[in-house]
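Report on one structure; see the data block that follows.
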Amino acid sequence: MTGNDMHGNDRVSPLLHTLGRIGALIGAIVANRTAHLVAINRHEVRKAASVLALAMAAALFAVVATVFAAVTVLVALGEEHRAAGAALIAGCFALLAGIATLLARGRSSPPAS
């Protein structure tokens with residue numbers, strides 16, 4: 001091996017060492033950011049699951065309240081007006097279904113430009 005070859009290796013070694021440190025630094029930054037994004041994603045999934053569970057509980061309570069209201073109307077009207085009470089309750093349900101349909105159509109339509 002000549003003196004020039006030894007001298008060339010002395011210059012390359014610090015360069016390779018510096019490149020290795022830069023690569024390790026970039027790898028650490030990417031790993032840190034990835035871990036941060038995964039944590040954010042997990043938090044969002046937990047939040048969505050919580051919202052879904054609360055929405056289902058609210059829907060269940062709304063159904064129970066509606067049934068209670070319907071039974072209360074039928075009992076309050078008595079035997080002689082039971083058919084009118086049932087028609088009134090059916091009309092209210094039809095009205096609620098129509099409103100829900102209109103709201104669903106409004107949400108599914110593309111935004112106006």
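The values are calculated or read from the model by the stated rules, or taken from the named source; none is laboratory data. For clarity, every value in this text was computed on a predicted model and none was experimentally measured. Quick reminder, even Gly has a Cβ in these numbers, built from the backbone with ideal geometry, and neighbours come from all protein chains shown.
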Test: residue 15 is assigned to a helix (DSSP H, G or I) and either modelled with pLDDT under 90 or exposed (fewer than 10 other Cβ atoms within 10 Å of the Cβ) (or both): yes
The listed residue being assigned to a helix (DSSP H, G or I), at pLDDT below 90 and in contact with a Gly (Cβ under 7 Å, 6 or more places away or on another chain), out of 67, 30, 63, 73: 73
